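The structure appears right after this line, and notes come after that.
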Amino acid sequence: MAAEIRQGGYVAIAADGHWRPALLRLAGGIREAFGACTSWLRASYVADNDRLFLWIPVFMGAGIALYFGLGFEPPFWAALLPPPVAAWFAWRARHRPLAGPISMALLCVAVGLVAAVLRFHAVAAPVLERPMSGDLVGHVLTVERTETGALSAVLAPVSFGKLSSESLPAKVRLNVRLGGAVLRPGAEVRMRARLMPPPEPVLPNGFDFARQAWFSSTGAVGFAYTAPEETVPPSGAGELLTVLRMKIGERMRSRIGGTSGAVAAALVTGERASIPDEISADLRAAGIYHVLSISGLHMVLFAGSLFWAVRAFLVLLPGLALRYPVKKWAAAVAILGATFYLLISGAAVATQRAWIMICLMFLAVLLDRPALSMRNVMLAATVILLWRPESLIGASFQMSFAAVIALIAFYESEPVRRWSSRPRAAGLEAAVSRGIAYILGIASTSIVAGTATGVIAAFHFNRIAIYGLAGNMAAMPIVGIVVMPMALLALLLMPFGLDGPALWVMGKGVDGMLIVAREVAAWQGADRLVPAAPLSALVVAVLGALWLTLWRANWRYAGLVPLAVGLGLWGSVTPPDILIDRDAALFAVRTADGNLALTAPRPSYAAEQWLRYEGDARTAREAARSEFIDCDPEGCLYREDGRPAIAFSSNIAAVVEDCDKADIVIARVPVPRRIRNECSARLLLDYFFFWRNGATTITLAPDGTPHIVTAREVRGARPWVQRSSGRQ
């Protein structure tokens, strides 16, 4: 008797060989499903064909990311070859429905790569190779005064010690902690200083300040031994603008006073150094620290308030609005106001980005186009990536564009558009409706923007503001209605000495914002640290979010899959068991409970970053209290049942002793080859290893086999990696 096998709705007669009809029906079903899926994808592609333009900066960003991901510096001529080749293929395939977009995407990748290479050569400048002391003469470019009264300045050196002019850095960042020291932008000063190369990462995959310094042409950092002596007074329009910026900040700090004055000055001039650390911590915990970064929010409030005020004034003039395009006049004035705000705020990269976006928005008003659209935002992203490709890898670029793209996609969605276009009420009902709409608008904006930037903030800063929605809903009306409009009014009245009342109101608004921050930050669990995530998690999540927001057809929901995968990859990295800083001066070992134990209780930047990457809220002193680590002047020894013994030796005698009782020996001194050959430990690393390779992590396999990852290995042979450490 034939045996019937039923599976998936098909019947296969296995015994007598009548299986071919069943397979044909199965193949037909698969072919039909595939055809339906293909038709659906084709229809979605046709529906979203007009949005292909939005992917130009995405693929350009892929080319820039490819440049920064290389382990070597590509030759200039080699980087110039891909764009012409890609352009030729794009021209040949321009009329093909699938090959055309693919070739254009490859062209955008090639353009992004060559933009990064060109930018690298444009900012190339000498980098100090080793720490040096000497007489420094230089022009003061920027100055900020910190909360403690110290000065943080950027100088363009004229001479330094015995360093030749060819080896002189283009810029140096200097701290002057001497009381009573004065630095004026534009002046030439002389002082005795200690300069060092830009610091390397404290972890192999940590923040690379040296790379950031390279793209700002900063070749050294240091501090002053003596008070600066001004040899040439300031001169020139650029210096006068910087002096104006400093005077505005000083006036706001003096007239408003206290912490509120420091915060108010930061909102206008961008000088955040004088804000106390505890205030910054409260703002972060409340989720409103973005208020201190002069970016899109400030530009919109500042230029938007100016646009509204000018337009309202022109409309009040009898008959003017009926005969002339007063809306365009107001947009032109707003562009000028935004440019002035850019200049007095110090023109940081985030502010430049916001200025480009706001100018494109008002340019669209001048051209009778929609002011705020996804096309304008992506055009701004394209301009910025061509101008400053290094912005792509910074948290500021990623967070600002993530917030704006998510908000536009949200307000472009059909349900929100239907709700916003509903019939309007009149009278008291209209007032109540507008109030509710304003509250809902702040809530929805905070939720959407906070969700869009939350993953990026957690990746870069290892922090999540749990009650950010509450903080933003309480603080943003104060900022939008009181603080920024009064800042605009104060700037307009300041030349006439009539800014006092406006600054007083602005100070009260800042007081209210700080009260909100202090209250929300006091809630239990307001500021939560999270462990570091692999780069792949951020890349996959961002690509999924872009797919979800840039398309309009239903296929956009496929972006939820990579978004979920990216979030799932967050905890996929095995944390290292041993961490050694770049100078072999600080060590940490992971105990059986999963926490890091430090070998030194003193606070340091490396210790702070290690604990932050772990999502560990302990201080260095708390992390150094471990019963499994014994330290003395000779070094430290870690012993715990079931785990390898690890010694951190401070001198040669300790190395010889520790080789007999430890499985792994980490020496902060050079170890002769004879001792290395006689050492019975499974692994011995000495000072020279860290001098050549920088910060190092060691992960132990279950059998105790060590896996070593170094900063040199991760950073590659790039020009911003010091030659003296063997990295070039």
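What follows draws every value from the coordinates through simple rules; no lab data is involved. Since this is a predicted model, take the numbers as computed values, not measurements. Virtual Cβ from ideal backbone geometry, glycine too; neighbours counted across all protein chains shown.
Report note on the peptides 307-315, 709-717: ranked by the mean count of other C-beta atoms within 10 Å, highest first, their order is 709-717, 307-315. Can you give me the C-alpha center-to-center distance between region 93-171 and region 461-478, rounded to a whole angstrom? Computed from Cα coordinates, the inter-centre distance equals 34 Å.
Segment residue 630..residue 574, full-extension length gain: 17.5 nm, with 0.36 nm per residue of separation and the alpha-carbon distance subtracted. Within the shell defined by Cβ-Cβ distances under 11 Å, the residues around residue 503 carry a net charge of +3, with Lys and Arg each +1 and Asp and Glu each -1. Taking each DSSP H run with n ≥ 4 as -39500 (n - 2.57) and averaging over every residue of the chain yields -16500 deg cm²/dmol at 222 nm.
Report the FRET efficiency, 1/(1 + (r/R0)^6), for residue 194 and residue 592, where r is their Cβ-Cβ distance and R0 is 25 Å, rounded to 0.05. Approximately 0.05, to the nearest 0.05. At a Förster distance of 22 Å, what's the computed FRET efficiency of residue 369 paired with residue 52, Cβ-Cβ distance as r, to 0.05? In this case the efficiency is close to 0.70. Helices assigned as whole DSSP H runs in the chain whose Cα atoms extend at least 30 Å along their own long axis and whose mean Kyte-Doolittle hydropathy is 1.6 or higher are found at 99-123. Of the labelled options (1) 99, 77, 38; (2) 105, 90, 56; (3) 105, 101, 78, which one gives Cα extents along the principal axes in Å as computed for this structure? The calculated read-out lines up with (2). Averaged over residues, the count of other Cβ atoms within 10 Å places the peptides 199-206, 241-248 in the sequence 199-206, 241-248, highest first. With pairing defined as another cysteine C-beta under 4.7 Å, the cysteines of the chain that fail it are 37, 108, 359. Multiplying the residue separation of residue 617 and residue 182 by 0.36 nm and subtracting their alpha-carbon distance yields 152.8 nm.
Here the contact order of the chain, divided by its residue count and restricted to Cα pairs under 8 Å and six or more residues apart, works out to 11 percent. Normalising the average separation of contacting C-alpha pairs (under 8 angstrom, six or more residues apart) by the number of residues puts the relative contact order of region 41-144 at 35 percent. Name the shape class, rounded, prolate or oblate, that the alpha-carbon gyration tensor gives for region 245-529, where a ≥ b ≥ c are the square roots of its eigenvalues, rounded holds for a/c under 1.5, and otherwise prolate holds if a/b is larger than b/c and oblate otherwise. It is rounded, given that a/c, with a ≥ b ≥ c, falls under 1.5. The packing ranking of peptides 87-99, 324-336, highest mean first, is 324-336, 87-99, where packing means the average number of other beta carbon atoms within 10 angstrom of each residue. Inter-label distance, residue 39 to residue 230: 7.9 nm, where each label sits 7 Å from its Cα along the C-beta direction. Projected label points at residue 156 and residue 92, each 7 Å from Cα along the beta carbon direction, are separated by 4.8 nanometres. About its Cα centre, the dipole of the chain is roughly 2520 debye, where the only charges are +1 on Lys and Arg Cβ and -1 on Asp and Glu Cβ.
Pull up the cross-link candidates among the lysines for residue 508, meaning alpha carbon to alpha carbon under 24 Å and not fewer than 8 places away within one chain. Output for residue 508: 247.
Residues 363, 637 in ascending order of nearby Cβ atoms (within 10 Å, fewest first): 363, 637. Please say if region 416-522 is rounded, prolate or oblate, where rounded means a/c under 1.5 for a ≥ b ≥ c the square roots of the C-alpha gyration tensor eigenvalues, and otherwise the choice is prolate for a/b larger than b/c and oblate otherwise? Oblate is the answer for region 416-522, as a/c is 1.5 or above yet b/c matches or exceeds a/b. Residues of region 465-480 with an amide N closer than 16 Å to a point placed 7 Å from the Cα of residue 567 along the Cα-to-Cβ direction: 465-466.
Annotation: extensible slack from residue 717 through residue 554 equals 54.2 nm (criterion: 0.36 nm per residue apart, minus Cα-Cα distance). Working from label points 7 Å from Cα in the Cα-to-Cβ sense, the residue 212 to residue 324 distance is 4.7 nm.
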